[in-house]
Amino acid sequence: MYISCRAKDGLQPVVFLNLKVFIEQKKTMQELEVIVNFYFDWVVENMMIPGHVENWLIVIDMKDVALTQLPISSLKGFIKSLQSNFRGRMYRLIACNSHLILRTFWNAVCSWLDQFVQQKIIICGYHDCTKNLLEYIDIDDLEVKYGGNKPNITE
(Lines give C-alpha, C1' and ligand atoms only; values in the text may rest on other atoms or scores of the structure.)
Protein backbone atom coordinates (compact mmCIF):
# COMPACT_ATOMS: atom_id res chain seq x y z
CA MET A 1 0.00 0.00 0.00
CA TYR A 2 1.46 3.33 -1.02
CA ILE A 3 0.57 6.84 -2.15
CA SER A 4 2.21 8.00 -5.34
CA CYS A 5 0.22 11.07 -6.35
CA ARG A 6 -2.90 13.16 -5.90
CA ALA A 7 -6.09 13.14 -7.97
CA LYS A 8 -6.06 15.76 -10.70
CA ASP A 9 -9.24 17.66 -9.83
CA GLY A 10 -9.73 17.50 -6.07
CA LEU A 11 -6.11 16.82 -5.04
CA GLN A 12 -7.16 13.74 -3.06
CA PRO A 13 -4.27 11.44 -2.13
CA VAL A 14 -4.32 8.34 -4.36
CA VAL A 15 -3.70 5.18 -2.33
CA PHE A 16 -2.54 2.16 -4.34
CA LEU A 17 -3.01 -1.34 -2.91
CA ASN A 18 -1.30 -4.21 -4.72
CA LEU A 19 -3.63 -7.11 -3.87
CA LYS A 20 -1.13 -9.81 -4.81
CA VAL A 21 1.47 -8.44 -2.36
CA PHE A 22 -1.30 -7.94 0.21
CA ILE A 23 -2.26 -11.63 -0.07
CA GLU A 24 1.36 -12.79 0.15
CA GLN A 25 1.84 -10.89 3.43
CA LYS A 26 -0.69 -13.22 5.16
CA LYS A 27 -1.61 -10.69 7.84
CA THR A 28 -4.15 -11.53 10.54
CA MET A 29 -7.31 -9.45 10.79
CA GLN A 30 -5.93 -7.73 13.90
CA GLU A 31 -2.64 -6.88 12.17
CA LEU A 32 -4.54 -5.62 9.15
CA GLU A 33 -6.73 -3.37 11.28
CA VAL A 34 -3.70 -1.86 13.04
CA ILE A 35 -1.92 -1.26 9.72
CA VAL A 36 -4.98 0.30 8.07
CA ASN A 37 -5.72 2.57 11.03
CA PHE A 38 -2.10 3.69 11.37
CA TYR A 39 -1.71 4.30 7.64
CA PHE A 40 -4.93 6.25 7.13
CA ASP A 41 -4.49 8.21 10.38
CA TRP A 42 -1.16 9.33 8.93
CA VAL A 43 -2.85 10.29 5.65
CA VAL A 44 -5.50 12.33 7.47
CA GLU A 45 -2.88 14.10 9.59
CA ASN A 46 -0.38 14.79 6.80
CA MET A 47 -2.21 14.92 3.48
CA MET A 48 -5.61 16.44 4.17
CA ILE A 49 -6.48 20.12 4.16
CA PRO A 50 -9.64 20.72 6.21
CA GLY A 51 -12.34 22.28 4.08
CA HIS A 52 -10.42 21.60 0.86
CA VAL A 53 -9.05 18.03 0.68
CA GLU A 54 -10.87 15.66 3.00
CA ASN A 55 -11.08 12.33 1.16
CA TRP A 56 -8.98 9.90 -0.88
CA LEU A 57 -9.04 7.72 -3.97
CA ILE A 58 -8.15 4.06 -3.54
CA VAL A 59 -6.82 1.95 -6.43
CA ILE A 60 -6.76 -1.80 -5.83
CA ASP A 61 -4.56 -3.58 -8.37
CA MET A 62 -5.85 -7.13 -8.83
CA LYS A 63 -3.26 -8.17 -11.42
CA ASP A 64 -2.20 -11.83 -11.17
CA VAL A 65 -4.84 -12.57 -8.54
CA ALA A 66 -7.15 -15.49 -9.35
CA LEU A 67 -10.73 -15.47 -8.12
CA THR A 68 -9.93 -18.34 -5.77
CA GLN A 69 -7.15 -16.24 -4.21
CA LEU A 70 -9.36 -13.27 -3.33
CA PRO A 71 -9.02 -12.74 0.42
CA ILE A 72 -12.68 -11.89 0.96
CA SER A 73 -12.50 -11.84 4.76
CA SER A 74 -9.34 -9.69 4.76
CA LEU A 75 -10.86 -7.26 2.25
CA LYS A 76 -14.00 -7.10 4.37
CA GLY A 77 -11.79 -6.27 7.37
CA PHE A 78 -9.99 -3.59 5.35
CA ILE A 79 -13.26 -2.02 4.23
CA LYS A 80 -14.90 -2.39 7.67
CA SER A 81 -11.97 -0.64 9.32
CA LEU A 82 -12.13 2.20 6.79
CA GLN A 83 -15.90 2.54 7.26
CA SER A 84 -15.71 2.48 11.05
CA ASN A 85 -12.80 4.85 11.49
CA PHE A 86 -12.80 6.98 8.34
CA ARG A 87 -16.46 7.28 7.36
CA GLY A 88 -17.03 9.55 4.38
CA ARG A 89 -13.33 9.74 3.41
CA MET A 90 -13.48 7.58 0.26
CA TYR A 91 -13.92 9.62 -2.90
CA ARG A 92 -13.60 6.65 -5.27
CA LEU A 93 -12.42 3.05 -5.21
CA ILE A 94 -11.11 1.69 -8.52
CA ALA A 95 -10.37 -2.03 -8.73
CA CYS A 96 -8.04 -2.50 -11.72
CA ASN A 97 -7.11 -5.62 -13.65
CA SER A 98 -10.06 -7.53 -12.21
CA HIS A 99 -11.24 -10.89 -13.49
CA LEU A 100 -14.14 -11.02 -15.99
CA ILE A 101 -16.29 -13.05 -13.58
CA LEU A 102 -15.83 -10.46 -10.85
CA ARG A 103 -16.77 -7.64 -13.24
CA THR A 104 -19.85 -9.57 -14.36
CA PHE A 105 -20.88 -10.19 -10.75
CA TRP A 106 -20.32 -6.50 -9.91
CA ASN A 107 -22.46 -5.39 -12.87
CA ALA A 108 -25.31 -7.60 -11.63
CA VAL A 109 -25.06 -6.44 -8.00
CA CYS A 110 -24.40 -2.79 -8.86
CA SER A 111 -27.97 -2.19 -10.02
CA TRP A 112 -29.22 -3.06 -6.51
CA LEU A 113 -27.05 -0.42 -4.87
CA ASP A 114 -27.81 3.21 -4.21
CA GLN A 115 -26.70 5.52 -7.05
CA PHE A 116 -24.32 7.33 -4.67
CA VAL A 117 -22.53 4.06 -3.85
CA GLN A 118 -22.50 2.99 -7.51
CA GLN A 119 -20.57 6.07 -8.57
CA LYS A 120 -17.92 5.57 -5.86
CA ILE A 121 -16.86 2.06 -6.92
CA ILE A 122 -15.40 1.20 -10.33
CA ILE A 123 -14.45 -2.38 -11.21
CA CYS A 124 -12.45 -2.56 -14.44
CA GLY A 125 -10.43 -5.07 -16.40
CA TYR A 126 -6.96 -4.81 -17.86
CA HIS A 127 -8.05 -3.05 -21.06
CA ASP A 128 -10.28 -0.35 -19.56
CA CYS A 129 -8.14 0.27 -16.47
CA THR A 130 -6.11 3.13 -18.00
CA LYS A 131 -9.20 4.96 -19.27
CA ASN A 132 -10.82 4.84 -15.82
CA LEU A 133 -7.66 5.90 -13.97
CA LEU A 134 -6.94 8.79 -16.35
CA GLU A 135 -10.38 10.20 -15.56
CA TYR A 136 -9.06 10.92 -12.03
CA ILE A 137 -5.25 10.91 -12.28
CA ASP A 138 -3.03 13.01 -14.56
CA ILE A 139 -1.08 10.91 -17.10
CA ASP A 140 2.25 12.23 -15.77
CA ASP A 141 1.32 11.11 -12.24
CA LEU A 142 0.14 7.63 -13.27
CA GLU A 143 2.67 4.80 -13.33
CA VAL A 144 3.63 3.16 -16.64
CA LYS A 145 2.07 -0.16 -15.57
CA TYR A 146 -1.32 1.61 -15.50
CA GLY A 147 -0.81 3.42 -18.81
CA GLY A 148 0.76 6.62 -17.52
CA ASN A 149 4.17 8.29 -17.95
CA LYS A 150 5.53 8.01 -14.38
CA PRO A 151 8.15 5.26 -13.82
CA ASN A 152 6.78 2.26 -11.92
CA ILE A 153 7.34 2.35 -8.18
CA THR A 154 9.18 -0.79 -7.07
CA GLU A 155 10.25 0.06 -3.53
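The values are calculated or read from the model by the stated rules, or taken from the named source; none is laboratory data. Bear in mind the structure is a predicted one, so any value in this text is a computation, not a measurement. Here Cβ is always computed from backbone atoms with ideal geometry, including for glycine, and neighbour counts include all displayed protein chains.
Details
- Scope the range 28-59; condition among the charged types (D, E, K, R) and surrounded by fewer than 17 Cβ atoms within 10 Å (Cβ to Cβ); matching residues: Glu31, Asp41, Glu45, Glu54
- Only residues that are surrounded by fewer than 17 Cβ atoms within 10 Å (Cβ to Cβ) and either of a type outside the set (Lys, Arg) or modelled with pLDDT of 90 or more (or both) were counted in the range 84-98, giving 3.
- Restricting the range 1-27 to residues that are touching a Lys or Arg at 6+ places or on another chain (Cβ under 9 Å) and not in a strand (DSSP E or B), the residue that is surrounded by the most Cβ atoms within 10 Å (Cβ to Cβ): Gln12
Residues checked against (1) within 19 Å of Gln83 (Cβ to Cβ); (2) touching a strand residue (DSSP E or B) at 6+ places or on another chain (Cβ under 7 Å); (3) modelled with pLDDT of 90 or more:
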site	(1), (2), (3)
Arg6	no, yes, yes
Val14	no, yes, yes
Glu31	yes, no, no
Val44	yes, no, yes
Met48	yes, no, yes
Val53	no, no, yes
Asp61	no, yes, yes
